[in-house]
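The values are calculated or read from the model by the stated rules, or taken from the named source; none is laboratory data. In this text, all values refer to a predicted model and were calculated from it rather than measured experimentally. Virtual Cβ from ideal backbone geometry, glycine too; neighbours counted across all protein chains shown. The protein model used for the area step is the full one, side chains on, heavy atoms only, and it has no ligands, DNA or RNA in it. Shrake-Rupley method; radii C 1.70, N 1.55, O 1.52, S 1.80 Å.
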Amino acid sequence: MGPGARSAAGGDAEVVEIEGSLLPGLHDAHLHLEWLALRNLTVDLQDVPTRRQALARVRAWAERLPAGGWVVGRGWYNDGWRDDPSWPRPEELDAVVGGRPAILTRKDGHSAWLSRAAVRAAGLRAEDQDPPGTVKETMVQAVRKVVPEASDEAFDRGLLGALRALAAKGVTSVHTMDTPRAFRSLQRLHSAGRLPLRVTWSFPASELAAAERIGIRSGWGDDTLRVWGVKAFLDGSLGSRTAEMLDGSGTTVLPQDELRDLIRRCAGAELNVCLHAIGDRAVRRALDALEPHAGAWRRWRPRIEHAQCVDPADIPRFKAIGVIASMQPIHAVADRELADREWPAVAGHSYAWRPLLDAGAILAFGSDAPVEDAAPLAGIDAATSWRRRAGWHPELAIPRPAALRAYTSGAAYAAGAEKQVGRLAAGLYCDLTFVEGDQVAATVVGGRVTWRRA
Ligand SMILES: [Zn+2]
């Protein structure tokens, strides 16, 4: 760095030298901070190879909790433990949780392993347990009911951990779809100056009436934490066979008259809409319902979330109606085999980033974390070179600059933040992601380093 740059930054600026190529800060347009936070509140025993390591992990987790605090975990799988695959016993758990109540759900969710304090707290009789110290099926739910909900403080801690993990993946902004619980936590963290990235919050349609009463509109908040739109589900998912398809399969979650009513109310309240639509029929219904409202108000930016299967006839309508395609390229990697099996007739035009791009649609990319990994570099790879490597309809891949735009300026536009972030330009915030090879080297938000590789 030359002396000119140092003086331009101001005499007391901290100088940080970072290697790597520079990208505008990466922006995830669709994830769920609340689920990420809740994950951080449970000890994860998935894929732990031995019983000894599982118990060690529970011990390390329990030691950070207050005395008497519940140890909640999931994912253990005794059949996979190499050292001792026998069924787990309560006294082993007692030995590592320091007298705390503990419930650890098995990988399949059908059984739970309890400490003796948990057995007492749940008031279990001998006949409720099978064998002693474990419960099965409906008894798992019964014990869960006595586990107190996480305190605000614990939830904030889980959320902050999730945000820091995102910063380590190079993320500078996110657009989260969550209940008000996450928004309350985000506000607490924000007022304490602790948010390591910018967050735009969209809320479930069940909160629309409250938002209408308050008169809150898209964009309310500041450049760190803002409110954007209303999330509504038109259909289900490919994995659960509930994506609503033009061939008549799948499930209608939000009927068309209710959808039209919701969009009319949102347009009137100057709230944007984020419409979850995965199957080609759900996507068409979303476009049909949005069409009469094109340009409803100055910052009307309706989005279709996922848009995993779009009928080719509907592709040009995104641009024509001004609808943003909010997609998660990493879903294609995870869903490929399922799509070939469940959608044989339409897989060749599913996850159709290229046709949407060519038809002038604005793409906003995200991860849908924790459904998939949040790393934007993995998403960029999925959208660009993965299809060729995988031999899966490579003509639907997009060039790298277009994928980067979808993770920066496109995502910023989809959250109404294009005048603040999304490009490297004078007058915009200094949000940067440094990349070296396929690794994130550092993350900068508003000129502040939020993460850097050790
Ligand atoms: Zn989602």
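Once you keep just the Cα pairs under 8 angstrom separated by 6 or more residues, what percentage relative contact order results for segment 143-230? Please list the in-between numbers first.
Working: 94 pairs, mean separation 24.1, N = 88.
In percent, rounded to a whole number, it is 27.
Ignoring ligands, DNA and RNA, how do Leu357, Leu290 rank by accessible area with a 1.4 Å probe, largest first?
On the way: Leu357 50, Leu290 0 Å².
Largest accessible area first, the list is Leu357, Leu290.
Working only with C-alpha atoms, what are the Rg and Dmax values of segment 1-142, expressed in angstrom?
22.9, 78
To the nearest 10 square angstrom, how much accessible area does Arg116 have with a 1.4 angstrom probe?
Rounded to the nearest 10, the figure is 120 Å².
Return one whole number: the accessible area per residue of the chain in Å², for a 1.4 Å probe.
Working: 19950 Å² over 454 residues.
Per residue, the chain has 44 Å² of solvent-accessible surface.
So for the pair Ala425, Thr179, with labels modelled 7 Å out along Cα→Cβ, what separation do we get in nm?
4.0 nm
Among residues other than Ser185 whose Cβ falls under 11 Å from its Cβ, what is the net charge (Lys/Arg +1, Asp/Glu -1)?
Details: positive: Arg157, Arg181, Arg184, Arg188, Arg194; negative: Glu34, Asp152, Glu153, Asp156, Asp178.
For residues surrounding Ser185, the net value is 0.
Counting only protein heavy atoms and using a 1.4 Å probe, what share of the accessible area of segment 300-454 belongs to carbon plus sulfur, as a whole percent? List each step's numbers first, then the result.
Numbers: 3150 of 5960 Å².
Answer for segment 300-454 is 53 percent, counting heavy atoms of protein chains only.
Going by the alpha-carbon gyration tensor, a ≥ b ≥ c the square roots of its eigenvalues, is segment 169-233 rounded (a/c under 1.5) or, if a/c is not under 1.5, prolate (a/b greater than b/c) versus oblate? Can you show the working numbers first?
Details: a/c = 1.99, a/b = 1.60, b/c = 1.24.
Prolate, since a/c reaches 1.5 and a/b exceeds b/c.
Treating only the Cβ of Lys, Arg, Asp and Glu as charged (+1, +1, -1, -1), what charge dipole size does segment 155-212 show about its Cα centre? Round to the nearest 20 debye.
Numbers: 8 positive and 4 negative charges, 75 e Å.
Here the size comes out at about 360 debye.
Taking N as the number of residues in the chain, what is its alpha-carbon radius of gyration divided by 2.2 N^0.38 Å? Can you show the working numbers first?
On the way: Rg = 23.8 Å, N = 454, 2.2 N^0.38 = 22.5 Å.
Against the empirical 2.2 N^0.38 Å value, I get 1.06 for the chain.
What is the chain's relative contact order, in percent, from Cα pairs under 8 angstrom and six or more apart in sequence? Can you show the working numbers first?
On the way: 923 pairs, mean separation 80.0, N = 454.
Taking the mean separation of contacting Cα pairs over the length of the chain, I get 18 percent.
Lys pairs in the chain, Cα-Cα under 25 Å, at least 8 apart or on separate chains: how many? Walk me through the numbers before you get to the answer.
Details: Lys107/Lys136; Lys107/Lys145; Lys136/Lys145; Lys169/Lys419; Lys231/Lys319; Lys231/Lys419; Lys319/Lys419.
So the count of such lysine pairs works out to 7.
Round to a whole number: what % of the accessible area of segment 142-267 belongs to carbon and sulfur, probe 1.4 Å? Please list the in-between numbers first.
Numbers: 2840 of 5540 Å².
Using a 1.4 Å probe with all protein chains present, segment 142-267 comes out at 51 percent carbon and sulfur.
Would you rank Phe434, Phe155 by solvent-accessible area, highest first, keeping every protein chain in place and using a 1.4 Å probe? Mind showing how you got there, number by number?
On the way: Phe434 30, Phe155 5 Å².
Largest accessible area first, the list is Phe434, Phe155.
Is the shape of segment 139-298 rounded, prolate or oblate, going by the alpha carbon gyration tensor and its root eigenvalues a ≥ b ≥ c, with a/c under 1.5 for rounded and a/b larger than b/c for prolate?
Oblate shape, in that a/c is at least 1.5 and b/c is the bigger or equal ratio.
Could you compute how much accessible surface Glu291 exposes when probed at 1.4 Å, giving the result in Å² to the nearest 10?
About 90 Å², ignoring ligands and nucleic acids.
Could you derive backbone 3J(HN,Hα) for segment 205-215 from the dihedral phi with the Karplus parameters 6.51, -1.76 and 1.60 (θ = phi - 60°), listing whole Hz in sequence and x where the residue is Gly or Pro?
Per-residue couplings from phi come out as 4, 4, 9, 4, 4, 5, 5, 5, 4, 6, x Hz.
Report Arg317's accessible area, 1.4 Å probe, all protein chains in place, as a number in Å² to the nearest 10.
40 Å²
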